[in-house]
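Trainee: What follows is a structure written as structure tokens; I'll ask about it next.
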Amino acid sequence: MATLTRIAIMLVCWVSFAGTLILNTVAAQSASPSIANRAKSFINEQSAPQRSDFVGDSACSECHHDINASYDRTAHYITSQLPTKNSIAGKFTDGKNVLKTRDPDLHFRMDSKPTGFYETAVFWQPPNQKTRSERIDFVTGSGEKGQTYLYWRGNQLFQLPVSYWTELGNWVNSPGFTDGLANFDRPIVPRCLECHATYFDSSASARAENFYKKTGFF
């Protein structure tokens, strides 16, 4: 009798355990879609960051003044800047502002004017020279190794054909540009700005990727 009692108790325990396991499994399976849906909903709610989401350096410096002051001098911080006589590493003085090419009928001249800093392609020889000038709108690169320069054409952003190489102390063809050609048409796509800027409001279209709003960037 005692043996039968023990067997009955064991059976009851096993049945109870199996029932609990089955109920938990069913409950988990029922809950899974809900969890997945909540995760999808959370992801869908996360839109691209807006300009208002960035508070700027001044907000950090209130509590971290020393860190902020030292960061301002790092290559990472100055990897992109607005053009000034201090932010552009290249020289604009006579004799140091010219890049010759393998084509004797093409050279580049870098000009500093009251309206800004310019890269000018000079075609042919006097008195038949023709020029094309574009203003430097952004300085890209800290200058530790070198810099390249960008310009606006309407709401499209392009790389300029002449860069600066610090080790040589000279203006050079921009990376990947063919010597002897005046190419002002290399687009700056969002992938470029992911490393060289904090925020740009892209308005890419089927026509081209390099359309941006000209305000609110940093």
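The values are calculated or read from the model by the stated rules, or taken from the named source; none is laboratory data. Note that the structure is a prediction, hence the values are computed from the model and not measured. With ideal geometry, Cβ positions are generated from the backbone for all residues, glycine too; neighbour counts draw on all protein chains shown.
Trainee: Only residues that are among the aromatic types (F, W, Y) and under 15 Å from S174 (Cβ atoms): list them for segment 66-117, please. Give the steps one after another, and end with the answer.
Mentor: In the first step, residues of segment 66-117 are kept if they are among the aromatic types (F, W, Y); the result is 71, 77, 92, 108, 117.
Correct list: F108 only.
Trainee: Could you run through segment 166-188 and say how many residues are over 17 Å from H107 (Cα atoms), among the hydrophobic types (A, V, I, L, M, F, W, C) and surrounded by 15 or more Cβ atoms within 10 Å (Cβ to Cβ)?
Mentor: 1
Trainee: Now, a different point. Which of the residues belonging to segment 151-165 are assigned to a loop (DSSP other than H, G, I, E, B) and surrounded by 16 or more Cβ atoms within 10 Å (Cβ to Cβ)? It would help to see each step written out before you state the result.
Mentor: Restricting attention to segment 151-165, the residues satisfying the condition of being assigned to a loop (DSSP other than H, G, I, E, B) are 154-155, 160-161.
Within segment 151-165, L160, P161 meet the criteria.
Trainee: Does G95 satisfy being small (G, A, S), farther than 18 Å from D179 by Cβ and under 28 Å from the mean Cα position of the chain (by Cα)?
Mentor: Values: small (G, A, S): yes; farther than 18 Å from D179 by Cβ: yes; under 28 Å from the mean Cα position of the chain (by Cα): no.
Considered against the rule, which asks whether it is small (G, A, S), farther than 18 Å from D179 by Cβ and under 28 Å from the mean Cα position of the chain (by Cα), G95 comes out as no.
Trainee: For segment 141-168, which residues satisfy the criterion of being of a type in the set (S, T, Y) and at pLDDT below 95? So that I can check it myself, show each step before the final result.
Mentor: Initial filter on segment 141-168 (of a type in the set (S, T, Y)): 142, 148-149, 151, 163-164, 166.
Within segment 141-168, just S142 meets the criteria.
Trainee: Also, I was wondering about something else. Restricting attention to segment 106-150, which residues are closer than 11 Å to L160 by Cα, assigned to a loop (DSSP other than H, G, I, E, B) and more than 27 Å from the chain's Cα centre (by Cα)?
Mentor: Answer for segment 106-150, where residues must be closer than 11 Å to L160 by Cα, assigned to a loop (DSSP other than H, G, I, E, B) and more than 27 Å from the chain's Cα centre (by Cα): there is none.
Trainee: Something else: Give the residue that is nearest to Q81 (Cα to Cα), with candidates limited to residues of segment 118-150 that are buried (at least 17 other Cβ atoms within 10 Å of the Cβ) and out of contact with any strand residue (DSSP E or B) (no Cβ under 7 Å at 6 or more places or on another chain).
Mentor: Per the stated criteria, the residue is S142.
Trainee: I would also like to ask the following. Can you tell me which residue is nearest to A204 (Cα to Cα) among those in segment 166-181 that are polar (S, T, N, Q) and assigned to a strand (DSSP E or B)? Break it down into steps so the answer makes sense when it comes.
Mentor: If we filter segment 166-181 for residues that are polar (S, T, N, Q), which is where we start, we get 166, 170, 173-174, 178.
The next check asks that each one be assigned to a strand (DSSP E or B); those that pass are 170, 173.
Details: N170: 35, N173: 28 Å.
Across segment 166-181, the extreme among qualifying residues is N173.
Trainee: Please go through segment 167-218 and pick out each residue that is among the acidic types (D, E) and under 12 Å from N155 (Cα atoms). Lay out the reasoning, then the answer.
Mentor: Restricting attention to segment 167-218, the residues satisfying the condition of being among the acidic types (D, E) are 167, 179, 185, 194, 201, 209.
Selection gives D201, E209.
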